[in-house]
Each structure stands twice: as C-alpha cells, then as structure tokens.
Amino acid sequence: MASRVHGSIGCSAGEHGYEDMQKLGSTSNHVKTRPEITLSLMNKGDFGEYPKLYKLASDFTCTGSPHRDLPGQWLFEGFVTAEEEGQLLKILDTHPPDWREKSVNGRQRGKAWGVVVDLLRRTVSPAVHPLPPMIAMLADRMQKLPLLRNFHANEANALDYRKGMHVLYAHADDRRLSTEVICNLSLAGSAVMSFNREKGGVPHEVRALLPPRSLQVLTKDARYNYTHAIHTEDILSPRRVSITFRHSHLTPSNSV
Ligand SMILES: O=C(O)CCC(=O)C(=O)O
C-alpha cells in the first residue's frame, strides 16, 4: 500500500532552500523524529478575476512530506483548498482548448497550456494557449515553497481519468526536454501512483497515494530513475484530474 512519512518543522517562506529540504528528508530515521514542516506562504500579486482566491492564498500554509521509500518524492497535502479545487475543475472543463482523447502515455482525456512539447520531433515551441490566470497563479504559489523556489513552470498538462476506464502507462517524463522538477496536482479524487526503479539500483516498486488537492513534487531519483504509472484499479474515485507542471526550454529553432 502507499507508504508515507510525515515530518515537519515550523518555517516561513524562503527560510529553507532545496538542499536544506533534501537534507531534512535524507534519512528515514531523521524524518521519523523531526517535527512537521509547515510552510507559510505569502502570495502577493494581482489575481484579477480571482480576488477571493488571492485572499485564500495569502494566509496559505502547506505541509510537505518526503516519501520514506522514494528519494526525491514529496507530497504537499492541501496545496489548493476545496473551493479552489471546484473553480479549477470548472476552468478545466470550460476553458479552451477542449479535452481530447489521449493515447500516448495511457488512456485518458487531456488538454495542455503553455509551451508545446513535441516528444516525437523533440521540439519545444512557444505557447499557443497560455496558462489561464488561475493556473498561472498556482505556478506562482509553487515558487513560494522553498523546495520549488527556482521552479518556473511554463507548461501545464491536465489529464482527466475515470475509474475503471483510464490508465497511465509506466514512463519517466522526458529527461532532456523538461527540467528536473515535475509537479502533479491532484483534483476531484484519489489515485495510487506506482513507481518502479528503472536505473541506478535494484528494480523494485514503491507506491504513493495522491489525495485530492495535493501537490506531488518529483525530483532526483523519483524524477530520473523511477518510472511512474497509475493502473486502472488504482484510480480510487469516479473521477480524478491531474495538472502536471513542468519547465521545458524552447528548442534552438524556437528560441530566436
Ligand atoms: O496524472 C498524474 O498525476 C501524472 C501524469 C503524468 O505522469 C504525465 O502527464 O506525464
């Protein structure tokens, strides 16, 4: 079953950098004995049509937990509120582009905003559909987490899974086109993600529960040396929606 260790330390935004967080989570003994990591986030900025969300964001706190058995995997539960979740689902269901049936890394419906990554041609082109303001706000909120302070998401890919129908095949996100950090926001329902070590160690499987409104962060081993998948039977709710945030550099012909 999904295995997780919660550890925490009281800290405010910007106090601990990425390396500090990795050190804090580097051994399971250390993790087990330390208090909770509570990150107080201060979001400033103009949220335009979402003033209420700005208010919610400004007194936001979030607890990040490293996975005990999966180095580089973190889970921030409650990264969005239930109210924000409802608004995000509405945006996902109404904002262009339309949902499309997907078949590349599995079977789901999908839509994407931000830079356009073509995995076959291995190109990254400028955005056709920029991130909607609320999704851009989430990317901004991520940067308030010390772990993500250097993460500038420029693409957001949404997937819509239905229980009993859909699946995510085992894959590792492209190791060259996208930078190290990958963030998966879960909405509407839960799923268990299965990670399998593909490189740099003895093959084995580790599982991680992804509850609704949580943000999973993949770095290091979890990002580069394990594949991840969601089996059909591991979609635990009638619907689960994810938004995956990445940073991908424009390929040379597109960067002039
Ligand atoms: O649904 C998820 O949480 C993960 C999606 C994913 O791995 C992908 O889009 O490459």
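Residues that are more than 25 Å from residue 238 (Cα to Cα): list the strands (runs of 3 or more DSSP E) wholly contained in region 138-220 that include at least 3 such residues. Reasoning before the result, please.
On the way: elements: 155-162, 167-171, 182-187, 191-197, 205-210, 215-218.
It comes to none.
Note down all Cβ pairs under 6 Å where the first residue falls in region 228-240 and is closer than 21 Å to residue 93 by Cα and within 10 Å of the ligand (Cβ to nearest atom), the second is charged (D, E, K, R) and not in a strand (DSSP E or B), and they're at least six residues apart or on different chains.
235/163
Consider region 241-256. How many of its residues are surrounded by fewer than 16 Cβ atoms within 10 Å (Cβ to Cβ) and within 14 Å of the ligand (Cβ to nearest atom)?
The total comes to 0.
Does any residue in region 103-125 that is on the phi > 0 side of the Ramachandran plot come within less than 7 Å, Cβ to Cβ, of a residue that is part of a strand (DSSP E or B) and more than 10 Å from the ligand (Cβ to nearest atom) six or more places away or on a different chain, and which pairs are these?
Between residues of region 103-125 that are on the phi > 0 side of the Ramachandran plot and residues that are part of a strand (DSSP E or B) and more than 10 Å from the ligand (Cβ to nearest atom), the close pairs are 106/167; 114/155; 114/156.
Look at residue 100 and say whether it is surrounded by fewer than 17 Cβ atoms within 10 Å (Cβ to Cβ), of a type outside the set (Phe, Trp, Tyr), more than 22 Å from residue 74 (Cβ to Cβ) and at pLDDT 95 or above. Give the derivation first.
Values: surrounded by fewer than 17 Cβ atoms within 10 Å (Cβ to Cβ): yes; of a type outside the set (Phe, Trp, Tyr): yes; more than 22 Å from residue 74 (Cβ to Cβ): yes; at pLDDT 95 or above: yes.
Spelling it out, residue 100 is indeed surrounded by fewer than 17 Cβ atoms within 10 Å (Cβ to Cβ), of a type outside the set (Phe, Trp, Tyr), more than 22 Å from residue 74 (Cβ to Cβ) and at pLDDT 95 or above.
Which residue out of 167, 181 is within 19 Å of residue 106 (Cα to Cα) and either modelled with pLDDT of 95 or more or acidic (Asp, Glu) (or both)? Steps first, please.
Values: 181 fails: within 19 Å of residue 106 (Cα to Cα).
Criteria check complete, one pass: 167.
Look through region 115-136, keep the residues that are away from the ligand (no atom under 16 Å from the Cβ) and closer than 18 Å to residue 215 by Cα, and return whichever of them is farthest from the chain's Cα centre (by Cα).
Looking at the filtered set, the residue picked out is 134.
Taking residue 158, is it near the ligand (Cβ under 10 Å from one of its atoms) and touching a helix residue (DSSP H, G or I) at 6+ places or on another chain (Cβ under 9 Å)? Full working, then the answer.
Numbers: near the ligand (Cβ under 10 Å from one of its atoms): yes; touching a helix residue (DSSP H, G or I) at 6+ places or on another chain (Cβ under 9 Å): yes.
Judged against the criteria, residue 158 is a match.
For the subset of region 177-191 comprising residues that are away from the ligand (no atom under 11 Å from the Cβ) and within 18 Å of residue 247 (Cα to Cα), which member is nearest to the chain's Cα centre (by Cα)?
Checked region 177-191; the qualifying residue nearest to the chain's Cα centre (by Cα) is 181.
With the checklist (1) more than 20 Å from residue 84 (Cβ to Cβ); (2) in contact with a helix residue (DSSP H, G or I) (Cβ under 6 Å, 6 or more places away or on another chain) in hand, flag the one item residue 177 doesn't pass.
(2)
Residue 194 - would you say it is within 11 Å of the ligand (Cβ to nearest atom) and among the hydroxyl-bearing types (Ser, Thr, Tyr)? Spell out the reasoning first.
Details: within 11 Å of the ligand (Cβ to nearest atom): no; among the hydroxyl-bearing types (Ser, Thr, Tyr): yes.
Considered against the rule, which asks whether it is within 11 Å of the ligand (Cβ to nearest atom) and among the hydroxyl-bearing types (Ser, Thr, Tyr), residue 194 comes out as no.
Kindly indicate whether any position in region 137-151 is within 23 Å of residue 97 (Cα to Cα), within 12 Å of the ligand (Cβ to nearest atom) and of a type in the set (Asp, Glu). Explain how you work it out, then say what you get.
So in region 137-151, the residues within 23 Å of residue 97 (Cα to Cα) come out as 137-140.
When the remaining residues are screened for being within 12 Å of the ligand (Cβ to nearest atom), the result is none.
No, region 137-151 contains no residue that is within 23 Å of residue 97 (Cα to Cα), within 12 Å of the ligand (Cβ to nearest atom) and of a type in the set (Asp, Glu).
The values are calculated or read from the model by the stated rules, or taken from the named source; none is laboratory data. Computed from a predicted structure; not experimentally measured. Don't worry about glycine lacking a Cβ; one is built from the backbone with ideal geometry, like all the others, and counts go over all protein chains shown.
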